[in-house]
Every structure is written in structure tokens, then in C-alpha cells.
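The values are calculated or read from the model by the stated rules, or taken from the named source; none is laboratory data. Just so it is clear, the structure is predicted and the values come from calculations on it, not from any experiment. Virtual Cβ from ideal backbone geometry, glycine too; neighbours counted across all protein chains shown. Accessible surface is based on the protein model in full, side chains and every heavy atom, while ligands, DNA and RNA are left aside. Shrake-Rupley method; radii C 1.70, N 1.55, O 1.52, S 1.80 Å.
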Amino acid sequence: AVQEDRRRYLLAAIFLAGCYASVKYSGILTVAMVCCAPWFRSHDFKPDIHFFKALCAGIFLAPLAFVICSPYVILNSATFIKDFGSEGHHMIRGHNTAVTAWSQYWMYHVKRSIFPGMGFFPTIAAFVGIGILLWRRRKEDLFALFVLLLFYLPAEWVKAKPAPQPERYILPCLPILALIAGEFLKLLSASRYRVISYVTV
């Protein structure tokens, strides 16, 4: 939407965020990504007025898509509210034993999900890439880090961290980490140390 200056793409993104939330509640976080578009378009602290108006006019599309994809929330609203509250309580309480973020130094998913999901060398490349993005501080870099934290921090905060399958909670982070690792390897391949990038890949 930002690259092509197409506000209708922005509206489509808002709608798809609602569709995502109907599949997995945490998908509603993608709305925060879409809300960055007016500022991403303006290259300034002041939002692009046209994108901002489109965002305000179309934000209702997210809950609309959620209801369209999950009509059960309307057809049996009492059960939905009860189940939604139960799920929220479960995230706070945890399973048999609660695994808190601070007890794991906010690194539970690094060990249990990211390293197994990406492999050792790509994960190291992603972490080095995070440092590079922080150092460069381009808007694209900061946006990638924002999206990474948007999905990583809630997954660490909730106490429901099942040992057999924790990766499903962190899955949205893996594509972003892969892109960050790719950016690092691209820079490495253009340097005199490019042989290291070949070995890593």
C-alpha cells in the first residue's frame, strides 16, 4: 500500500488482519502493523493525511472480517464470550505450571522455538542482523524490529508455554527473523568476508 501509494491496498490489509484474528486471536496484532502505514508513507512524525483518513474510515473492516469469518461469535455470542474469557484466563494462569517471562529472562522462545525452528547459523545471523538494523536505524529496519517485538513479547509474556509445541506461539516471528538474517548475509556477501556468508547459507 505504501510503496504503490494505493489506499485500497491499505483497506484490504485491514480486512485481512480481521481474517487472521478469526483464525488465531493473536492475529489482531497485525492491525498495529497496518496502523503504521500513514507514518511510514509520510517519512515523518506527522502522518500522511490521505492514508490516515483511509485508515480511520476503514478500521471497522477488521471486526467486520472477524465476524464474517467467524459468524459463531454472533450466532452464539454467550458461548463465545465465555470461551474467550476462559482462553484469556488460561494465558494468564498457564498450564499445570506457569512459565513466566522473567523466570526465563524473556528467552524461552529463543531456546525452545527460534533455534529449533531456524537452525543455529540462521538464528545467529538473525541476531547479528538485529544489531545491524538497530545501528542503521532506517525506517524499514525499525519497522521490521517493531513487527518482531509485536509478536515476540506477547508470546513470552503469556504463561501458557507448552513444552511439546511452543513454536506455534512464535511462528509469526520466524519470517521476520529470516528477512533480518537475509539482510545481514546480503551485507556480508558484499564485503571482503563474503566467504562466511556462503558457509552460513
- Query: Using the beta-carbon distance between CYS69 and GLU140 and R0 = 30 Å, what value does 1/(1 + (r/R0)^6) give for FRET efficiency, to the nearest 0.05?
  - Reply: 0.50
- Among PRO71, PRO122, PRO38, which one shows the biggest mean-square fluctuation in a GNM of the chain, springs joining Cα atoms closer than 10 Å? PRO71
- Message: Could you put HIS50, HIS43, HIS109 in order of accessible surface area, largest first, with the 1.4 Å probe and the full protein assembly present?
- Response: HIS43, HIS50, HIS109
- Message: Multiplying the sequence separation of LEU153 and GLU87 by 0.36 nm and subtracting their Cα-Cα distance, what value in nm do you get?
- Response: 21.9 nm
- How much of the accessible area of the chain, probe 1.4 Å, is carbon plus sulfur, in whole percent? 68
- aspartates and glutamates near LYS139 by alpha-carbon distance under 12 Å, same-chain residues fewer than 8 away left out - which ones? ASP44
- So which trypsin sites (Lys or Arg not before Pro) in the stretch 36-143 end up in coil per DSSP with only 12 or fewer other C-beta atoms within 10 Å? ARG137, ARG138
- Query: For the peptides 172-184, 143-155, what is the packing order when you average, over each peptide's residues, the other Cβ atoms within 10 Å and list the highest mean first?
  - Reply: 172-184, 143-155
- What are the DSSP H helices in the chain that stretch 15 Å or more along their long axis, judged by alpha-carbon atoms, and whose average Kyte-Doolittle hydropathy comes to at least 1.6? 120-136, 173-189
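Largest first, how would THR123, THR100 line up by accessible area (1.4 Å probe)?
THR100, THR123
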- Note on the structure: In terms of the charge dipole of the stretch 1-114, which places +1 on Lys and Arg and -1 on Asp and Glu at the beta carbon, the residue among GLY27, HIS50, PHE60 farthest towards the positive end is GLY27
- Query: Quick one, which of [x] 1.17; [y] 2.10; [z] 1.29 is the actual Cα Rg over 2.2 N^0.38 Å calculated for this model?
  - Reply: [x]
- Note on the structure: Heavy-atom accessible area with a 1.4 angstrom probe orders CYS56, CYS36, most exposed first, as CYS56, CYS36
- Item | Sequence-distant lysines (8 or more away, or on other chains) whose Cα lies within less than 19 Å of LYS24 | LYS82, LYS159, LYS161
- Message: Can you compute the modelled spin-label distance between LYS24 and TRP102, with each label point 7 Å from Cα toward Cβ, in nm?
- Response: 2.8
- Item | Average accessible area per residue (Å²) across the chain - probe 1.4 Å, nucleic acids and ligands excluded | 62
